[in-house]
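The block underneath contains the structure these notes are about, expressed in structure tokens.
Read-outs throughout are calculated quantities, based only on the coordinates presented, and are distinct from any laboratory measurement. All figures in this text were calculated on a predicted structure; none of them were measured in a lab. A quick note on method: Cβ atoms are made from the backbone with ideal geometry, for glycine too, and the neighbour counts reach across all protein chains shown.
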Amino acid sequence: MPYCYILLCSDNSYYVGVADDPERRLAEHSEGKGAVWTSLRLPVELVWAQEYASLSDARSREIQLKSWSRKKKEALIAGSLRLRSG
């Protein structure tokens, strides 16, 4: 199942992505593979992930989260903001 995930980067920025296995993808990011953004901001930490029924649902959430303010992302990460599925 696909996941949408958020990483906290060493410069305190957030990176939002999609992966089938967020822990494996975290390891790839940590090795500097994949996104240029994260490779320039190591180390990174997985701070949030949510599973979705389809890749298109996960990608839609990724697009949505990328448009959110830092404050709103932090509320989601802290658990004080709930997302509706799908």
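What is the sum of charges, Lys and Arg at +1 and Asp and Glu at -1, for the other residues whose Cβ falls under 13 Å from the Cβ of W68?
Working: positive: R61, K66, R70, K71, K72, K73; negative: E62, E74.
With Lys, Arg at +1 and Asp, Glu at -1, the neighbours total +4.
Explain nothing, just the number: dipole magnitude of the stretch 3-78 about its Cα centre with +1 on each Lys and Arg Cβ and -1 on each Asp and Glu Cβ, in debye rounded to the nearest 20. Could you put the intermediate results ahead of the total?
Values: 11 positive and 11 negative charges, 80 e Å.
About 380 debye.
What Rg and what Dmax come out for the chain when only alpha-carbon atoms are used, in angstroms?
For the chain, the Cα-based Rg and Dmax read 12.2, 33 Å.
If you take every residue apart from D11 with its C-beta less than 13 Å away from the C-beta of D11, what net charge results, scoring Lys and Arg +1 and Asp and Glu -1?
On the way: positive: R41, R70; negative: E45.
Residues close to D11 contribute a combined charge of +1.
Please state the relative contact order of the stretch 3-78 as a whole percent: Cα pairs under 8 Å, 6+ residues apart?
Details: 107 pairs, mean separation 27.3, N = 76.
Worked out over the stretch 3-78, it gives 36 percent.
Within the set of other residues whose C-beta is less than 10 Å from the C-beta of P2, count the net charge using Lys and Arg as +1 and Asp and Glu as -1. The partial results should precede the final answer.
Working: positive: R59, R61; negative: D20, D21, E51, D57, E62.
Counting the neighbours of P2, the net charge comes to -3.
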